[in-house]
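The values are calculated or read from the model by the stated rules, or taken from the named source; none is laboratory data. These numbers were taken from a predicted model, which means no experiment stands behind them. For neighbour counting, all protein chains shown are included, and Cβ atoms are generated from backbone atoms with ideal geometry for every residue, glycine included. What goes into the accessible areas is simple: the full protein's heavy atoms, side chains included, and nothing from ligands, DNA or RNA. Shrake-Rupley method; radii C 1.70, N 1.55, O 1.52, S 1.80 Å.
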Amino acid sequence: MLKVGKIEYINVLPVYFGFIDGAVSLNCEFTEAVPSALNELLREGKIDISPISSYEFITNSEKYLLFPNLSISSYGKVKSVLFFSRLPIHQLHRKDVWLTKSSMTSKALIEYLLKNRYGVEPNYHYYSMKEGNLPKSATAVLAIGDDAFKLLKDKSFRFIYDLGEEWHNLYDLPFVFAVWAVRRETVKNNPLSVKKVFEKFTASKKYGLSHLEKIAKKYAGKVGLTEAECMEYFRCLNYDLTDLHKKAINRFAKLLGFEVNIENFILST
């Protein structure tokens, strides 16, 4: 039985809802965690298939193949990858900035934006909402997923920057926050099982995208959103992996100092 990862935030629900709602059956063992933990589990071979940060794919691409037409992306605002600041962003040079431990992609993106777009190099610190080690007086905070929705209630942060929007303003491209990856050795050892899992994910995604209202009604309150706000959030997200998405990943990789042609890493189905 293959082991499959699932991000614990609501952003993946449209892809997994076919499984959750019983419309699509998948004989596997699910592991739910934050993105950075899933990166580590897949990298170390403790799970076989998982959504992982695009940063993880870029930096360890030799280990993975990617499911076609699956990602967590946005064309502009993403609404759940947010940089909160008490000061205008260009005033953060040498100020203390707190970055979530939960996402490598968002961490790499905000560091790139701060240095290359805004010309500031803050003092970086790291926190985890689960560990409860985010200072209440933090000058600026990077938060993702459900944690970002919670921080939106803190009105002391006067300036809020959406990283999907920041990227789109720079490059007129979608930003790919996560991709679905399978370990190469898993493909080698279980090619038919991997193909079946991909087919099931495709069916679950199709089901989820056609039942967004049902997802919003069930889960919005759990992250402090109204059903309308949850629907608006889902409309900001994109779950495809088109040529434009691939171009965006290649661009991000190059900015990070890596040469990656994503076409060479797409799983043949």
**Request:** Kindly check whether there is at least one residue in segment 243-261 that is farther than 30 Å from Glu62 by Cα, crowded, with 18+ Cβ neighbours inside 10 Å and modelled with pLDDT under 95.
**Result:** no
**Asked** What number goes with the only condition from (1) open to solvent by 10 Å² or more (accessible area, probe 1.4 Å); (2) over 15 Å from the mean Cα position of the chain (by Cα); (3) among the polar types (S, T, N, Q); (4) under 30 Å from Glu227 (Cβ atoms) that Ser36 does not pass?
**Response** (2)
**Message:** under 30 Å from Leu2 (Cα atoms), more than 16 Å from the chain's Cα centre (by Cα), open to solvent by less than 50 Å² (accessible area, probe 1.4 Å) and touching a residue at least 24 places away in the same chain (Cβ under 8 Å): which single residue out of Tyr219, Tyr239, Tyr161 fits that description?
**Reply:** Tyr219
**Asked** Out of curiosity, is Val141 open to solvent by less than 50 Å² (accessible area, probe 1.4 Å), among the β-branched types (Val, Ile, Thr) and farther than 30 Å from Asn27 by Cα?
**Response** yes
**Request:** Would you check which residues across segment 112-123 are closer than 13 Å to Lys95 by Cβ and more than 21 Å from the chain's Cα centre (by Cα) and list them?
**Result:** Tyr118, Val120, Glu121, Pro122, Asn123
**Request:** Please work out if Thr105 is over 12 Å from the mean Cα position of the chain (by Cα) and either among the aliphatic types (A, V, I, L, M) or surrounded by 17 or more Cβ atoms within 10 Å (Cβ to Cβ) (or both).
**Result:** no
**Request:** Residue by residue through segment 118-153, note down the ones that are within 24 Å of Leu170 (Cβ to Cβ) and part of a strand (DSSP E or B).
**Result:** Tyr124, Ala140, Val141, Leu142, Ala143, Ile144
**Request:** Scan segment 156-180 for residues that are outside any helix (DSSP H, G or I) and over 16 Å from Phe83 (Cβ atoms) and report the count.
**Result:** 7
